[in-house]
Amino acid sequence: MQLVKDWQADKTKPNPYIVAEGKNAGPSEAQVAAKLKRAELKEAREGRGDFLEGATTATAFVKALLHLEDLKRRIKNEVRGTTSPSAEREVQIEELRVSFFKKLKTLRNQQEVFMPGVSGLQQAEEECRDTDRPPTKAEDVKLWLPSDLTEAQRGRASRAALSTLEAKLREAQCGDALSQMRDLLYTKTHIIHYRNSTSVGQRASTRSSTLISRVTDQIRREATKYRQARAALTRLMGAQYRPDLAELEDRDNDEWVLPGEVGTSLLPLQAGLCHGYGKRLEGRTNQHGYMQLCE
């Protein structure tokens, strides 16, 4: 809370909404993926690696599955955000689902190489499925990443190094999601400040509220990404691997625990954005002693 107050009083002070750069910031998902790819190519040139299959590396394979996971989140967000979708919106959602299944078909072929035992697990699960149920929608399809398997299943169905590879990418995903949530919270705070100080009339307030709603949807999507990445990392590496990556609960949707330096610790700082009209935006502390921004 004091960090926020200091920065609001003097903009030359460190901005508490920006994750520190340098070694304490933690590498991004893209940086981790690039490093892993370089290591794979080096092993392939030296004849030591067994991850390079044609033009696809194990890193590219896992990254592609994570991309599909992100597409699932996007579809779920689109569906949740529309109670009575227009015909055009329904078409857009169906196009996303079609795109998902096209990409999944290609990856299933690659999965036979990198995770040769998964097809048997898929078949066994499909045989147990209720035939009267409708086909699984894209957003509910199981991707069968190493983190989706039990430890025993990973030993039989997946190449050993694939779990370590996914864990590194998941760890980076957590840092990316926390950083993005922090940026979005900063954006949302300023939109509310701007609306309260300048918006006049219902039309202007409606525009601001629509923009706030969109930013809130993005925050929730990043929160889902963080939760999924953290859960996968825990399944792969154990609960004690990164205790500094705190759990986000449902009540944290508007009161986010924000990262200080990703890779080291979480600052005891929350920014909760309470919705309402006619009140001036001001700061206060909640029951945990964290900074909360309320209208």
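The values are calculated or read from the model by the stated rules, or taken from the named source; none is laboratory data. Just so it is clear, the model here is predicted, and its values are computed rather than measured. Neighbour counts run over all protein chains shown; Cβ positions are idealised from the backbone, glycine included.
Tell me, please, whether a residue that is modelled with pLDDT of 90 or more and either surrounded by 13 or more Cβ atoms within 10 Å (Cβ to Cβ) or among the aliphatic types (A, V, I, L, M) (or both) can be found in the range 176-191.
Yes, the range 176-191 contains at least one residue that is modelled with pLDDT of 90 or more and either surrounded by 13 or more Cβ atoms within 10 Å (Cβ to Cβ) or among the aliphatic types (A, V, I, L, M) (or both).
Determine if the range 228-238 includes at least one residue that is touching a Pro at 6+ places or on another chain (Cβ under 8 Å), modelled with pLDDT of 50 or more and not hydroxyl-bearing (Ser, Thr, Tyr).
Among the residues of the range 228-238, at least one is touching a Pro at 6+ places or on another chain (Cβ under 8 Å), modelled with pLDDT of 50 or more and not hydroxyl-bearing (Ser, Thr, Tyr), which makes the answer yes.
Is at least one residue of the range 101-123 polar (S, T, N, Q), surrounded by 12 or more Cβ atoms within 10 Å (Cβ to Cβ), within 24 Å of the chain's Cα centre (by Cα) and farther than 22 Å from Thr57 by Cα?
no
Keeping to the range 137-193, report how many residues are outside any helix (DSSP H, G or I) and not hydroxyl-bearing (Ser, Thr, Tyr).
Matching residues across the range 137-193 total 8.
Looking at Arg220, Arg242, Arg207 in this structure, which one is in contact with a helix residue (DSSP H, G or I) (Cβ under 8 Å, 6 or more places away or on another chain), over 19 Å from Leu185 (Cβ atoms) and charged (D, E, K, R)?
Arg242
Might you let me know whether the range 86-100 holds any residue that is under 18 Å from the mean Cα position of the chain (by Cα) and at pLDDT 90 or above?
For the range 86-100, residues under 18 Å from the mean Cα position of the chain (by Cα) and at pLDDT 90 or above: present.
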